[in-house]
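Have a look at this one before I ask anything.
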Amino acid sequence: MAESEEKNITVNRKARYEYSIVQTYEAGIVLQGTEVKALRQGKANIVDSYAMLRAGEVWLIALHISPYEQGNINNHEPTRDRKLLLKKSEIRKLIGKTKEKGLTLVPLRLYFKKGKVKVEIALAKGKKVYDKREAITKRDQQRDQERNFK
């Protein structure tokens, strides 16, 4: 029962382009029943979401989970704030680092691990425009090298 039991639901590819990742954390997430069923169908969008610290707790804001199709009137609200489950020591570290250095919390991916929904959040620093251009140039050079190698 190793890493092979992880199944990605959605990945925030834009985050690695917009931010330089300092450190990553794995967090559980508090969900309602219909949200889990919608996630099993892969109906989530993590691109515009972010994490925020409120009253000593970490919250995931603007994560869009589409309503479950077979749900009834008790279906969930698609963009509600969802609480993330982290250890107190990790939350204390996050509070200190987000206050001191201008770092932010960005979700990288949403996945199932042993039947539970997990979120990989990252402590990240925003990239400048020239950093983004540099990353694009490196990626293009890497592709050219791989083509020439074949």
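The values are calculated or read from the model by the stated rules, or taken from the named source; none is laboratory data. These numbers were taken from a predicted model, which means no experiment stands behind them. Using ideal geometry, Cβ is built from the backbone for each residue, glycine included, and neighbour counts are taken over all protein chains shown.
Suppose we filter Glu69, Glu26, Glu57 for residues that are among the charged types (D, E, K, R), on the phi < 0 side of the Ramachandran plot and at pLDDT below 85; which single one remains?
From the options Glu69, Glu26, Glu57, the qualifying one is Glu69.
While we're looking at this one, here's another question. Could you run through the range 105-141 and say how many residues are modelled with pLDDT of 90 or more, loosely packed, with under 15 Cβ neighbours inside 10 Å and not charged (D, E, K, R)?
Total satisfying the criteria: 2.
Looking only at the range 69-86, count every residue that is part of a loop (DSSP other than H, G, I, E, B), within 17 Å of the chain's Cα centre (by Cα) and charged (D, E, K, R) and tell me the total. Even if it seems obvious, please write down each step before you answer.
Let us first name the residues in the range 69-86 that are part of a loop (DSSP other than H, G, I, E, B), namely 69-81, 86.
This time we only want the ones that are within 17 Å of the chain's Cα centre (by Cα), so: 78-81, 86.
If we keep only those that are charged (D, E, K, R) as well, we get 80-81.
Residues that pass the stated criteria total 2.
In the range 77-103, which residues are surrounded by 13 or more Cβ atoms within 10 Å (Cβ to Cβ), more than 12 Å from Ser49 (Cα to Cα) and out of contact with any Leu (no Cβ under 8 Å at 6 or more places or on another chain)?
Hits for the range 77-103 are Pro78, Leu85, Glu90, Lys93.
Looking only at the range 8-31, decide whether some residue is of a type outside the set (Asp, Glu), outside any strand (DSSP E or B) and more than 26 Å from Glu134 (Cβ to Cβ).
Yes: one or more hits.
Right, something else. Residues of the range 45-68 being touching a residue at least 24 places away in the same chain (Cβ under 8 Å), surrounded by fewer than 20 Cβ atoms within 10 Å (Cβ to Cβ) and either aromatic (Phe, Trp, Tyr) or in a loop (DSSP other than H, G, I, E, B) (or both), which ones? Walk me through it before giving the result.
Our first condition is that a residue be touching a residue at least 24 places away in the same chain (Cβ under 8 Å); within the range 45-68, this holds for 45-47, 49-53, 56-60, 63, 65-68.
Pick out the ones that are also surrounded by fewer than 20 Cβ atoms within 10 Å (Cβ to Cβ) and you get 45, 47, 50, 52-53, 56-57, 59, 66-67.
Within the range 45-68, Val47, Tyr50, Gly56, Trp59, Ser66, Pro67 qualify.
Still on this structure: State which residue is farthest from the chain's Cα centre (by Cα) when the search covers only the range 97-150 and only residues that are charged (D, E, K, R) and part of a loop (DSSP other than H, G, I, E, B). Break it down stepwise before answering.
Of the range 97-150, the ones charged (D, E, K, R) are 97, 99-101, 109, 113-114, 116, 118, 120, 125, 127-128, 131-134, 138-140, 143-144, 146-147, 150.
This time we only want the ones that are part of a loop (DSSP other than H, G, I, E, B), so: 114, 127-128, 150.
Details: Lys114: 18, Lys127: 17, Lys128: 21, Lys150: 35 Å.
So the residue we want is Lys150.
Being closer than 25 Å to Ile9 by Cβ and part of a strand (DSSP E or B), is that true of even one residue in the range 37-44? Spell out how you get there, then give the answer.
To start, the set of residues in the range 37-44 that are closer than 25 Å to Ile9 by Cβ comprises 37-44.
Then keep just the ones that are part of a strand (DSSP E or B); that gives 44.
Yes.
Might you check whether a residue that is closer than 25 Å to Glu100 by Cα and touching a strand residue (DSSP E or B) at 6+ places or on another chain (Cβ under 6 Å) occurs anywhere in the range 28-45?
The first filter runs over the range 28-45 and keeps only residues closer than 25 Å to Glu100 by Cα, leaving none.
For the range 28-45, residues closer than 25 Å to Glu100 by Cα and touching a strand residue (DSSP E or B) at 6+ places or on another chain (Cβ under 6 Å): absent.
Looking at (1) outside any loop (DSSP other than H, G, I, E, B); (2) within 13 Å of the chain's Cα centre (by Cα); (3) among the β-branched types (Val, Ile, Thr), which one does Thr34 not meet, given that it meets all the others?
(2)
Cβ-Cβ distance below 8 Å, separation of 6 or more or different chains: which pairs start in the range 81-106 with a residue that is touching a residue at least 40 places away in the same chain (Cβ under 8 Å) and end on one that is of a type in the set (D, E, K, R) and not in a helix (DSSP H, G or I)?
Lys83/Glu57; Leu84/Glu57; Leu103/Lys125; Thr104/Lys125
Consider only pairs whose beta carbons are under 6 Å apart and that are at least six residues apart or on different chains; among these, list those whose first residue lies in the range 23-39 and is among the acidic types (Asp, Glu) and whose second residue is modelled with pLDDT under 90 and buried (at least 18 other Cβ atoms within 10 Å of the Cβ).
Sorted first by the residue in the range 23-39, then by its partner, the pairs are Glu35/Ile65; Glu35/His76.
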